[in-house]
Amino acid sequence: MSMRTVSVHAIRDAVKQACIEANLYLPHTLHARIEEAAAAETGRLAKATFDDMLQNEAAARELQIPICQDCGMAVVFLELGQEVRLTDGDLTAAVNEGVGAGYTEGYLRKSVVADPIRRGNTGDNTPAIQHLSIVPGDHVRVTVAPKGFGSENMSRLKMMNPSASRADIIGFIVETVRIADAKPCPPVVLGVGIGGDFEYAALLAKKALCRDVNVPNPDPFYAGLEQEALSAVNALGIGPQGYTGDCTALGVQIETYPTHIAGLPVAVNVGCHVTRHKTFVL
């Protein structure tokens, strides 16, 4: 079997560009969701807040500056085709080099500290959070999702009883948003991971935030659960930036995985109204 060769330098450069673009440009489908929510909003203050959000996004594009001052911690998903042979160095180091270059050359805020308790800024927003998957094929798919911590801090995980009902799961999602209130800069995007184990449910939730908001879960059961949860969250009336309104969430995106007979892990990763991600395929 012939192997396709990919240099880690190409991956480094893709990560660098993705860091910059993700922080400057909102995914177009999410932008469209905000426009739709602004048009449908009935509250005067909420509508004005949506207008401010759209003006901020337009200014970021025009001036080539970040959409949000919190440029986040770089979360990098790598899907490595099993028919790819990497050359020219260490993959993990190359990804971190790309993040460091992107945040430095893109004039993005650097928020990563070297130690969780003793702190100390690393100076280039590294290290990144890296997730590597081996997949069929001969391509490398690189997704960078800068994650601000105003929303990350509002995320929750619960090891639910396996007898928990659909209503119980929706209740946990709604409770998470109610507790968060205005802190994650709503309207939010919610990534929900159901299944796996303790850590994998959280990973599923983070991956869910990288899905196009216009793409429902392929399973009609979970697609329906997404819509039901979205309606329940919007019924809270928290509204954009917490000023009350019809739209508290722009989307609920669920990813699932098989789990143990004795468990039902559910994680909710909260994303703000600028839930950012950029993908390159090499």
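Bear in mind that the values in this text are calculations on the coordinates, not laboratory data. Because the structure is predicted, anything quoted here is derived from the model rather than measured. Note: ideal-geometry Cβ built from the backbone for every residue, glycine included; neighbour counts use all protein chains shown.
Among 125-133, 147-155, 200-208, how do they line up by average Cβ neighbours within 10 Å per residue, starting with the highest?
Values: 125-133: 16.8, 147-155: 19.3, 200-208: 22.0.
For the peptides 125-133, 147-155, 200-208, the packing ranking is 200-208, 147-155, 125-133.
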* Separation between Cα centres of the stretch 1-80 and the stretch 218-282, rounded to whole Å -> 18 Å
* Sticking with the crude label model, points 7 Å out along Cα→Cβ, report the distance from residue 4 to residue 87 in nm, one decimal please. => 1.5 nm
* When the chain is treated as a GNM, springs tying every alpha-carbon pair under 10 Å, which of 160, 53, 73 comes out with the largest mean-square fluctuation? -> 160
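Can you list, largest first and rounded to whole Å, the semi-axes you get for the stretch 149-275 by taking the square root of 5 times each eigenvalue of its Cα gyration tensor?
22, 14, 14
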* Wrap a convex hull around the Cα atoms of the chain, take a quarter of its surface area, and give that in square nanometres. => 16.0 nm²
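Expressed in nm to one decimal, what extension gain is obtained for the pair residue 181 and residue 165 from 0.36 nm per residue of sequence separation less their Cα-Cα distance?
Gain on extension, residue 181 to residue 165, equals 3.3 nm.
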* Points 7 angstrom from Cα along the Cβ direction at residue 56 and residue 104: gap in nanometres? -> 2.9 nm
